[in-house]
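Student: Please see the structure below; I have some questions.
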Amino acid sequence: MKSKYSDMRVADNMRAMRAKHRMTQREVADAINVNVATIANWESGKGGMSFESAWKLADLFDCSLGELSGTEEKHPAA
């Protein structure tokens with residue numbers, strides 16, 4: 001069962017990554033082939049995403065699923 005905390009953590013990370021890549025919600029939606037309302041719901045913590053969608057987001061933002069979910073931090077290259 002998902003907790004609201006984890007949904008909000010993903011939402012916060014997703015918003016931050018989208019901002020870092022200077023992408024609009026529409027651009028992200030188009031890139032991973034979902035509706036822009038879906039992106040808005042994910043970013044507000046109102047909707048859970050499928051593993052496939054999470055994987056597409058991680059690929060788009062060049063991060064791991066752990067980074068997207070907030071369970072792992074990105075470590076700079078040595």
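Student: Looking only at the range 5-36, count every residue that is free of Cβ contacts under 8 Å to residues at least 60 places away in the same chain, farther than 13 Å from Ala54 by Cα, of a type in the set (S, T, N, Q) and outside any loop (DSSP other than H, G, I, E, B) and tell me the total.
Tutor: 1
Student: Related question: When the residues of the range 37-53 are narrowed to those that are in a helix (DSSP H, G or I) and closer than 13 Å to Ser69 by Cβ, which ends up farthest from the chain's Cα centre (by Cα)? It would help to see each step written out before you state the result.
Tutor: To start, the set of residues in the range 37-53 that are in a helix (DSSP H, G or I) comprises 37-43, 51-53.
Checking the rest, the ones that are also closer than 13 Å to Ser69 by Cβ come to 42, 51, 53.
Working: Trp42: 8, Phe51: 11, Ser53: 9 Å.
By that ranking, first place goes to Phe51.
Student: Could you say whether any residue in the range 59-69 is in a helix (DSSP H, G or I), at pLDDT 95 or above and either out of contact with any strand residue (DSSP E or B) (no Cβ under 6 Å at 6 or more places or on another chain) or open to solvent by less than 80 Å² (accessible area, probe 1.4 Å) (or both)?
Tutor: Step one: filter the range 59-69 for residues in a helix (DSSP H, G or I), giving 59-60, 65-69.
In the following step, the residues that additionally are at pLDDT 95 or above were identified as 59-60.
Now narrow it down to the ones that are either out of contact with any strand residue (DSSP E or B) (no Cβ under 6 Å at 6 or more places or on another chain) or open to solvent by less than 80 Å² (accessible area, probe 1.4 Å) (or both): 59-60.
Yes, the range 59-69 contains a residue that is in a helix (DSSP H, G or I), at pLDDT 95 or above and either out of contact with any strand residue (DSSP E or B) (no Cβ under 6 Å at 6 or more places or on another chain) or open to solvent by less than 80 Å² (accessible area, probe 1.4 Å) (or both).
The values are calculated or read from the model by the stated rules, or taken from the named source; none is laboratory data. Here the structure is a predicted model, which means the values were calculated and not measured. Cβ sites come from the backbone with ideal geometry, for glycine too, and all protein chains shown count toward neighbours. Heavy atoms of the whole protein, side chains included, go into the accessibility calculation; ligands, DNA and RNA do not. Shrake-Rupley method; radii C 1.70, N 1.55, O 1.52, S 1.80 Å.
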